[in-house]
Structure formats: structure tokens, C-alpha cells
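Novice: One structure follows; several queries about it will come next.
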Amino acid sequence: MCGVNGIFAYGSGATPDKTELLRTRDCMRARGPDGFGEWWSPEGRLALAHRRLAIIDLSEAGAQPMSTPDGRYTVSFNGEIYNYRALRAELEGQGVCFRSHSDTEVLLHLFHRDGADMVRRLRGMFAFALWDEEKRELFLARDPYGIKPLYYADDGRRFRFASQVNALLAGGGVSKEIDPAGLTGFFLWGSVPEPVTLYRAIQSLPAGHTMTVTESGVAGHQCYWHLDQVIAQGCAAADDIAAGTETAYATAALTDSVRAHMVADVPVGAFLSAGLDSSTVVGLAQTMTDHPLQTITLAFEEFKDRPVDEVPVAVDIAKHLGVAHHCVAVSMADVEKELGAFLAAMDQPTIDGINTWFVSRAAAQTGLKVVLSGLGGDELLGGYSTFRTVPDSVRRWSVSGRLPWLGQLWRVGYQHLVTPWSKASSKEAGRVLLGGSFAGAYQMERGMFMPWELGQILRPEVIAAGLDRLQVAPAVAENLNDFGQVAYLEATRYMRNQLLRDTDWVGMAHSLEIRVPLVDAVLCEKLIGLAATGRLGENKAVLPKALSRALPASALTRPKTGFTVPIWKWLRKSPELDAWKRVKYLRRSNVHDYNRWAYALSARLPGVAEMLKQ
């Protein structure tokens, strides 16, 4: 895991600025404390830079940017290629000689052989930029799920890219003008929906995409992995798996993914909650190492002896699996002490991430550089309540699609006659209007502020400009069944724009690589069809069955609670987060604390305060 950046001065007379290049690179120091480098093309129009967190091939032979011996190809790479050994053996069989034991070098030779199609052979999380000196083209790629980020800014003369938005801004060559679409999207969803960012000049390369930049500029994006197609193909192929073999088949697939994610030249630890996802990942990983796995669980003082307290069950699981467990307490004082660092490291506004901040800090303090996370199990196996509530809503309110005036009438009436006097969420005003489609029902479940609420917190001109460029209700492939449509929405909205993005910047702020074995394209292609057709059971029952030793009863019977934090207390006690108290609408009892949290966070961002209603 690393930080990458570069500048391609493709415009006539343009050149990269070295000071900007290095400022951008070194803004990402935490992403790569083990080394750094830069590379300039012979004629000086392209510069690549890199910060290294050494995980595979710890020697200087693995340093980046890395070039082929003949100098034709040079790459700056962030991530891990879990099948690099198999790819290397394949290339060696064709006569390729390697100078290192890194996965980075495999990328160079694979690109020489396969060109842009090489991304289809990669199993891993990655974002990289690769220069072809002969063709004078810069090729950029991002992994299928978007686990690793890649941002770029193109002003018509210079193309800049980096692993973080803040790094591009730190270089000094990119405008800091706030994008109304990014800010509006944040309030709608609790995270900024890609490809927009909070800044007008910066875009995100979408997950599962590649792009090429030539001396004429950006040549466009290409999507090489379509999740909706994978789901549809998986459902069609599910009949090929014999009845009665589903558990064995899923166990083999899960074991294979965890084993792939254990590849490293440094120790690998894990986050352990009380849930089935992380328990299964930890249980499988422990069988693949000859020493007790280091695991981390957070203990919030406010949750002690409450149903949401994960500690007792996590301790039971840890003892049962024989791991070396660390339970780390987090208090209000810790939050107040860390809040400044958390907000400074936040790459784009998000209502999530602070839980991952503390568990990542704890992992780093134990000396770990790599941890496994159970993130992704709910999206793959239907663990969220949305897999039930969204289809139910569509069936109940499908008439609204044929009678849109009815939905509008309900919304206006509810909003003005019921919401001001009721403790019910103002979201209910849109139940008839939005609930009849998968996209709309999903927005009702996962959205933060509804579109008609935005006027309470944002200036009218900001809302108009933002909504003009946003798709409020995300598109979804209608050829998928109920499970498939929700799985698609969860993976491409909540998981991609919030969970995965927060996992990256938070982990990297602590020089920690967080791997997600349940967010794996190969695993998805194997299991999504069985999950979508109901053949893996309910409530992720297939996960504990993958373990050779049954989990303790406390883990199997505990109700799902999610990875939560006591945000209500922090909002009311922290003077750093009191901006929401000045907005009458946010003081109403039927406004969720996460909506207040979003306003409080955004009010602290440079350039945002003047766009807010105070």
C-alpha cells in the first residue's frame, strides 16, 4: 500500500513543476513512510512520484517508481496484487527475467504482454499509472470494486493525479473551489458520490475503469468490470452448481479469498468484531498461519453492558479461535484528543470513519502494517435489512410510479402537516413518492437528507447547481432480481463511496494496509449467483459453516448491530462539533444525529461554511 502521484504536461509548452510534484507526494507521507521516489521522462514532460509502505519484497529492489530494464515502461503503483506469484510464474515460463520479488514488477511485464487487457488478470486492490515511452501514453487503472482510490485534475494543459484529494490540493496547482455537486451529494448520502469530489477541479477515476492520457489529452474511460453483469451471469450460472454442494462450494471460495489476502512479507493481523463477517475471516486466517493472529476490538465506554457492546462476544470468539486478542478502550477524552487529527486526515467529508480511525490506530500501535477486515459480507450475502425493506417498499408503493402526482401530494402534505409535530423521520414524507422504485426506496433507506430537506441547510443556488449534475436516485439494472438490485446498490453506493473510501484514508493515516477478503471480484463471481437465488441461506448462515470449528453460541445468536459509535454523546458534549445547534431545523427531535454530524463536519471545511445556512 502506498501513495502515488504524477504530472503529465501534455499541453504545448507546459512542463511539470517539481516543487508541486514533491509537495503532492509528501502530503501522503503517512501512506508510505518506508521510502519515496520520483521519476522523470527523458524529455521532462511526465513526472511520476511515489511513497512506499513496504509489504511485499521489502528490499530496495521493490522501490518505486519502477521501470523495465529497457526503459520503455515505468509505473507508480498503489495496492496489492494477490495473484502476482502465479502471474510471475506464467511470465517466467515465457522467458521474462525479473529483478525483484515484488508485485509491482509483474505489472510492468504483464502490460508489455497484454496491454490494457492486463487488468482483467489482476486479483487485488490497486490504483496505478503506467507510462509507455514508445507510445507516449499514460495508462491509469483502478480495481473492480474501487478499494483503492485514484483522483485526477485536468486543466487542458497538465494532467495531475494522486491517491488523495488533499494531496492534489497540497501541490498548489489545483483550484480549491468547492463543487456544489460534491457538497450536495454529501448531504444526500453522507459521502461524496464518485466520480465527483468536493472540489470542482478534481474527479475520481470510477471503480473498475481504466483511462489513457496521450499528448493530445485524456482519451476517455473504459469500464472493464460491470457488477450488474457479474450478478446477472452469476444467477444464470447458479444452476450449474449441484444442489447440496452449496456450503462446500462457498467454503472453498471463502477459504481461497482469505488465503489470497494473506500474501505478505510482514505479519498480517485482523479487526475482530462480534459479527459473523470478521469472525469468519479471522477463523479462516488463523488456520493459515503458524502463530496466533493479532486481532483488535474497540470498547466504547458508553456501550458497556448494552446490547451494542461487542466486547463480550468478541472476547469469546477470540478465545475460541486461539488468536492474540487486543481489546482497546475508547473514551470521550480520546475522541476530543483525536478529533483534530481525524478531521485533518479526512480526504473528503463523510459521516463514517471515526470507528475505523480508532481501531486502525490501535492496530498500528501493536506494530501491525497489514490487517484483514470483514467489510463486504453484508453486501455480498444480503446481510443488511435493505435486502428485505427495499423490495417490500417497491411492492407496496409501485403505484406511485404510475401516479407521480400522488407521491408529490403525499410528500407536501406530510412534510407540512405531519413532520413538524411528529417524532417520525421527515424521510417518511417521501415514502409514496420514492418508495415504488428500487433506486428511490434505497435512497429512503440509505439517504441522509432528502432532496426537499436540503433547503434547510444549504443555500438555494448551491442546491440548484448541485442537483443539476447529480443523479439523486442511483441507476440500477432492472434485469436483476430483488436481491441482485439491492446488492448492486449497496456495493456501488454505500460500500464504494463510504465504507471502502473511509477504510483507505483512515488506514493510510496510520500507515496501515486494510485488506477486505469479502470484497473480492473472484469471490463475487463465484458466490453472488448462489446468494442472489437464495441457495446460501439467510442471515449469512454460510459464513460460520466455512470454519472447521463452530463459533461460540454467543456469536451465532447475537442480533446484528453494525460497527457503531456513540455519536450522540460526542455531538452534545464536544464544542468542536456544535455548529448544528445554530440551525433550528437540526434541533428538531425527528432529525437523526448523523444528519447533525454531517452538518457539524462540513461547517469546519474551508470554503464550505459560506454555502451553508447558518
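All of the numbers you see were taken from the coordinates with simple rules; none came from a lab. As the structure is a computational prediction, the values presented were derived from the model and not from experiment. Note that we place each Cβ from the backbone using ideal geometry, even for glycine, and neighbour counts take in every protein chain shown.
Novice: Convert each backbone phi in segment 277-290 into a coupling constant with the Karplus relation 6.51 cos²θ - 1.76 cosθ + 1.60 (shift: θ = phi - 60°), then list the ³J(HN,Hα) values in order as whole Hz, x for Gly and Pro.
Specialist: Listing the rounded values in order: 4, 5, 4, 5, 4, 5, x, 5, 4, 4, 6, 9, 9, 9 Hz.
Novice: Taking +1 at the Cβ of each Lys and Arg and -1 at the Cβ of each Asp and Glu, which of Ile178, Ala54, Cys223 sits farthest along the dipole of the chain towards its positive end, judged by Cα position relative to the Cα centre?
Specialist: Among Ile178, Ala54, Cys223, the one farthest towards the positive end of the dipole of the chain is Ile178.
Novice: Oh, and also: Positive end of the dipole of the chain, charges at C-beta (+1 Lys, Arg; -1 Asp, Glu), about the Cα centre: which of Trp131, Ser12, Val313 has its Cα farthest in that direction?
Specialist: Sorting the options by dipole projection puts first Val313.
Novice: Report the Cα centroid-to-centroid distance between segment 15-61 and segment 447-486 in angstrom, as an integer.
Specialist: 38
Novice: Among Arg157, Arg535, rank each residue by its count of other Cβ atoms within 10 Å, from fewest to most, as a rough exposure measure. Before the final figure, lay out the partial values.
Specialist: Details: Arg157 14, Arg535 19.
Least crowded to most crowded, the residues run Arg157, Arg535.
Novice: If you place +1 on the Cβ of every Lys and Arg, -1 on the Cβ of every Asp and Glu, and leave all else neutral, what size is the dipole of segment 2-225 about its Cα centre, to the nearest 20 Debye?
Specialist: Values: 25 positive and 27 negative charges, 71 e Å.
With Lys and Arg at +1 and Asp and Glu at -1, about 340 debye.
Novice: Then there is this: Quick one: Kirkwood hydrodynamic radius for segment 140-297, alpha-carbon pairs, angstrom, one decimal? Write down the numbers at each step before the final one.
Specialist: Working: mean 1/r = 0.0515 Å⁻¹.
When all Cα pairs of segment 140-297 are included, the Kirkwood radius is 19.4 Å.
Novice: Also, quick follow-up: Could you work out the Kirkwood radius for segment 1-135, taking every pair of different alpha carbons, averaging 1/r and inverting it, reported in Å?
Specialist: Values: mean 1/r = 0.0657 Å⁻¹.
15.2 Å is the Kirkwood radius here.
Novice: In the neighborhood of Leu586, defined by Cβ-to-Cβ distances under 12 Å, what is the net charge if each Lys or Arg adds +1 and each Asp or Glu adds -1? Could the numbers behind the result be given before it?
Specialist: On the way: positive: Lys581, Arg582, Lys584, Arg587, Arg588, Arg596, Lys613; negative: Glu453, Asp578, Asp593.
Summing Lys/Arg as +1 and Asp/Glu as -1 gives +4.
Novice: Report, in debye and to the nearest 20, how large the dipole of segment 306-408 comes out about its Cα centre when Lys and Arg carry +1 and Asp and Glu carry -1 on their Cβ. Could the numbers behind the result be given before it?
Specialist: Values: 9 positive and 11 negative charges, 76 e Å.
That gives a dipole near 360 debye.
Novice: Turning to a different aspect of this structure: I'd like the trypsin sites (Lys or Arg not before Pro) in segment 18-115 restricted to DSSP loop residues with at most 15 other Cβ atoms within 10 Å, sorted by number.
Specialist: Taking segment 18-115 and a limit of 15 other Cβ atoms within 10 Å, the loop trypsin sites (Lys or Arg not before Pro) found are Arg72, Arg99.
Novice: Follow-up. Could you bin all the Cα-Cα distances of segment 258-354 into 5 Å bins starting at 0 and give me the percent of pairs in each, rounded to whole numbers?
Specialist: The distribution over segment 258-354 is 2, 12, 19, 18, 16, 16, 12, 4, 0, given as percents.
Novice: Also: Between Lys135 and Ser59, what is the label-point separation in nm under the 7 Å Cα-to-beta-carbon projection?
Specialist: Once both label points are built, they end up 3.1 nm from each other.
Novice: How high is the relative contact order of segment 272-324? Use alpha-carbon pairs under 8 Å, at least six apart in sequence, and give a whole percent.
Specialist: Computed over segment 272-324, the figure is 44 percent.
Novice: Here's another thing I want to ask about it. Over all directions, what mean area does the Cα convex hull of the chain project, stated in square nanometres?
Specialist: On the way: hull surface 109.8 nm².
Averaging across all directions leaves 27.4 nm² for the Cα convex hull.
Novice: Using helices alone, what [θ] at 222 nm do you get for the chain, with -39,500 (n - 2.57) per DSSP H run of 4 or more residues, divided over all residues and rounded to the nearest 500? Show your work: numbers first, answer last.
Specialist: Numbers: 25 runs with 231 residues, N = 614.
Only helices count here, giving -10500 deg cm²/dmol.
Novice: Something else now. With a Cα-only, solvent-free Debye model of segment 2-225, what are the log10 I(q)/I(0) values at q = 0.11, 0.12, 0.13, 0.15 Å⁻¹?
Specialist: -0.50, -0.60, -0.71, -0.95
Novice: Cut-off under 12 Å on the C-alpha distance; same-chain residues fewer than 8 positions from Lys540 excluded. Which aspartates and glutamates are left, in chain and number order?
Specialist: Qualifying aspartates and glutamates at Cα under 12 Å: Asp277, Asp378, Glu379.
Novice: Checking the a/c ratio against 1.5 first, then a/b against b/c, what shape does the Cα gyration tensor give for segment 294-341? Working shown, then result.
Specialist: Values: a/c = 4.21, a/b = 1.66, b/c = 2.53.
Oblate shape, in that a/c is at least 1.5 and b/c is the bigger or equal ratio.
Novice: Can you put Cys27, Cys327, Cys2 in order of Cβ neighbours within 10 angstrom, beginning with the fewest? Can you show the working numbers first?
Specialist: Details: Cys27 21, Cys327 16, Cys2 28.
Ordered by Cβ neighbours within 10 Å, fewest first: Cys327, Cys27, Cys2.
Novice: Considering only Cα-Cα distances, which of the following residue pairs are longer than 30 Å: Lys148/Lys581; Lys573/Lys613; Lys148/Lys319? Write down the numbers at each step before the final one.
Specialist: On the way: Lys148/Lys581 36 Å; Lys573/Lys613 22 Å; Lys148/Lys319 33 Å.
As for pairs spanning more than 30 Å Cα to Cα, those are Lys148/Lys581; Lys148/Lys319.
Novice: While we're looking at this one, here's another question. How far apart, in nanometres, would the label points at Asp392 and Ser331 be if each is projected 7 angstrom from Cα along the Cα-to-Cβ direction?
Specialist: The answer from the label model is 4.2 nm.
Novice: While we're on this one: Near Leu601, within a Cβ-to-Cβ distance under 11 Å, what is the net charge of the other residues, with Lys and Arg +1 and Asp and Glu -1? Let's see the in-between values first.
Specialist: Numbers: positive: Arg596, Arg604; negative: Asp352, Glu576.
Overall, the nearby charge balance is 0.
Novice: Another question, then. Among Asn539, Gly208, Ser331, pick out the residue whose Cα is farthest towards the positive end of the charge dipole of the chain, where Lys and Arg carry +1 and Asp and Glu carry -1 on C-beta, about the Cα centre.
Specialist: Going by the Cα projections, it comes out as Ser331.
Novice: Quick one: putting +1 on the C-beta of Lys and Arg, -1 on the C-beta of Asp and Glu, what dipole do you get for the chain around its Cα centre, in Debye to the nearest 20? Could the numbers behind the result be given before it?
Specialist: Numbers: 65 positive and 67 negative charges, 370 e Å.
Charge dipole of the chain: 1780 debye, to the nearest 20.
Novice: Treating the Cα atoms of segment 325-364 as identical point scatterers in vacuum, please give the log10 of the normalised Debye intensity I(q)/I(0) at q = 0.14, 0.15, 0.19, 0.31 Å⁻¹, two decimals.
Specialist: Cα-only, vacuum Debye calculation for segment 325-364: -0.31, -0.36, -0.57, -1.24.
Novice: In what order do Glu513, Glu43 fall by count of nearby beta-carbon atoms within 10 Å, going from fewest to most?
Specialist: Numbers: Glu513 24, Glu43 9.
Starting with the residue having the fewest Cβ neighbours, the order is Glu43, Glu513.
Novice: Could you give the nm distance between label points at Ala264 and Arg157, where each point is 7 Å from its Cα heading toward the beta carbon?
Specialist: In this crude spin-label approximation the distance works out to 4.4 nm.
Novice: Restricting to Cα pairs below 8 Å that are 6+ residues apart, what does the relative contact order work out to for the chain? Please round to a whole percent. Let's see the in-between values first.
Specialist: Working: 1181 pairs, mean separation 101.6, N = 614.
Reported as a whole number, the value is 17 percent.
Novice: Mind giving me the FRET efficiency for Asp240 and Arg459? R0 is 60 Å, r the Cβ-Cβ distance, nearest 0.05 is fine. Don't jump to the answer; show the numbers that get you there.
Specialist: Working: r = 55 Å, r/R0 = 0.92.
It comes out at approximately 0.60.
Novice: Which whole-number percentage describes the relative contact order of segment 536-614, with Cα contacts under 8 Å and a sequence gap of 6 or more?
Specialist: On the way: 38 pairs, mean separation 16.2, N = 79.
21 percent.
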